[in-house]
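Inspection log for the structure reproduced underneath, given as structure tokens.
Readers should treat all values here as calculations from the given coordinates under stated rules, not as data from a laboratory. Note that this is a predicted model, so its numbers are computed, not measured. Virtual Cβ from ideal backbone geometry, glycine too; neighbours counted across all protein chains shown.
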Amino acid sequence: MDGLTAAVYQRLTGDSVVADTLTEFPEGSGVPAVFTAGRVPADAELPYISTTGSLSDSPWDTKTHVGRFVWRDIYLHVPSGQTQTLEETTEHIRSLFHRNPLTFAGWRGVVARCEVRTQNTDDYEARIVSMSLRLMEDDDESS
């Protein structure tokens, strides 16, 4: 897991509201069902979160610093008909990231702006929290 993915995962799984909303995976493990790589396992039960990497990652350099501008989506999937849980939990996830610093090894000053979109099917409902992040390389970190 890259540093950004690990930071997003830790923020989600470390939050009691998110953890109480999600199923556990594997079942009985006590670990909230947050998937960050590849496909969601076929035996995962709703509700769960998936976030599998950045949609875009472009330079955001200045004269004196290296930076990146990153878009990343967080999908909250719940069983069809659980609209209230979907809305409340999505708003909570948004509040965890919107304008809250998210730092990880080698990077500082992360600022996120979040937008919410909806996706529904016959089997589940999903809301997508889209984050835009501005990352600045941390000058104090040594490689």
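Quick notes on this one:
- Residue 20/residue 121 FRET efficiency (R0 30 Å; Cβ-Cβ; nearest 0.05): 0.75
- When only alpha carbons are used to place a centre, the stretch 13-55 and the stretch 66-143 end up 14 Å from one another.
- GluC sites (Glu not before Pro) restricted to DSSP loop in the stretch 1-71 with at most 16 other C-beta within 10 Å: 27, 45
- Rounded, prolate or oblate (a/c below 1.5 giving rounded, otherwise prolate when a/b exceeds b/c) for the chain by Cα gyration tensor: prolate
- Filtered GluC sites (Glu not before Pro), the stretch 86-140: DSSP coil and at most 11 other beta carbons within 10 Å: none
- Listed by Cβ neighbour count within 10 Å, with the fewest neighbours leading, 107, 60 appear as 60, 107.
- Comparing 71, 96, 13 along the charge dipole axis of the stretch 3-137, the residue lying farthest to the positive side is 71, per the Cβ-charge model.
- The residue list 131, 35, 110 was ranked by how far each Cα lies along the charge dipole of the stretch 3-137 toward its positive end, using unit charges on Cβ atoms, and 110 comes out on top.
- DSSP-loop trypsin sites (Lys or Arg not before Pro) across the stretch 51-143, with at most 15 other Cβ within 10 angstrom: 63, 99
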